[in-house]
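For reference, the structure is listed below as structure tokens.
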Amino acid sequence: MNKAELVDKVIEATDLNKASASRAVDAVFDSISKALKGGDQVTIVGFGTFSVSNRAERTGRNPRTGDTITIPASKNPKFKAGKGLKDAVN
């Protein structure tokens with residue numbers, strides 16, 4: 001499912017028009033992104049938890065030349081499914 005299909009599902013489940021449903025989906029994604037960027041964790045009970053994990057700087061190899069390179073530290077979003085989502089999938 002892509003974003004357009006998700007908007008269509010929101011339209012089916014609510015009485016919103018396409019523009020309003022699209023804005024609602026965008027607002028949810030933006031709110032989650034801003035919270036994660038601010039260092040917060042987002043927990044949606046029954047669905048799951050979004051958080052940020054820190055990756056330390058590490059050494060890697062360039063596969064083409066074999067040279068050693070330094071891979072900089074980074075922050076990566078992570079999602080842990082909640083019990084409700086796990087039960088729905090299984």
Next item on the list: Please indicate, with yes or no, whether at least one residue in region 61-70 is of a type in the set (Gly, Ala, Ser) and surrounded by 10 or more Cβ atoms within 10 Å (Cβ to Cβ).
Entry: no
Next item on the list: Report, by residue number, each residue of region 33-54 that is assigned to a strand (DSSP E or B), without any contact (Cβ under 8 Å) to a residue 24 or more places away in the chain, open to solvent by 50 Å² or more (accessible area, probe 1.4 Å) and not polar (S, T, N, Q).
Entry: none
Item checked: Subset of region 55-77 [assigned to a strand (DSSP E or B) and either touching a Ser or Thr at 6+ places or on another chain (Cβ under 8 Å) or in contact (Cβ under 8 Å) with a residue 24 or more places away in the chain (or both)] -> Arg55, Arg58, Thr59, Gly60, Arg61, Thr68, Ile69, Thr70, Ile71, Lys75, Asn76, Pro77
Check: Of all residues in region 4-23, which are part of a helix (DSSP H, G or I) and either more than 18 Å from Phe47 (Cα to Cα) or touching a residue at least 40 places away in the same chain (Cβ under 8 Å) (or both)?
Finding: Ala4, Glu5, Val7, Asp8, Ile11, Glu12, Lys18, Ala19, Ser20, Ala21, Ser22, Arg23
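The values are calculated or read from the model by the stated rules, or taken from the named source; none is laboratory data. Here the structure is a predicted model, which is why all the values come from computation and not from measurement. All Cβ positions, even for glycine, are placed from backbone atoms using ideal geometry, and neighbour counts span all protein chains on display. Please note that ligands, DNA and RNA were not included when accessible areas were found on the heavy atoms of the full protein model with its side chains. Shrake-Rupley method; radii C 1.70, N 1.55, O 1.52, S 1.80 Å.
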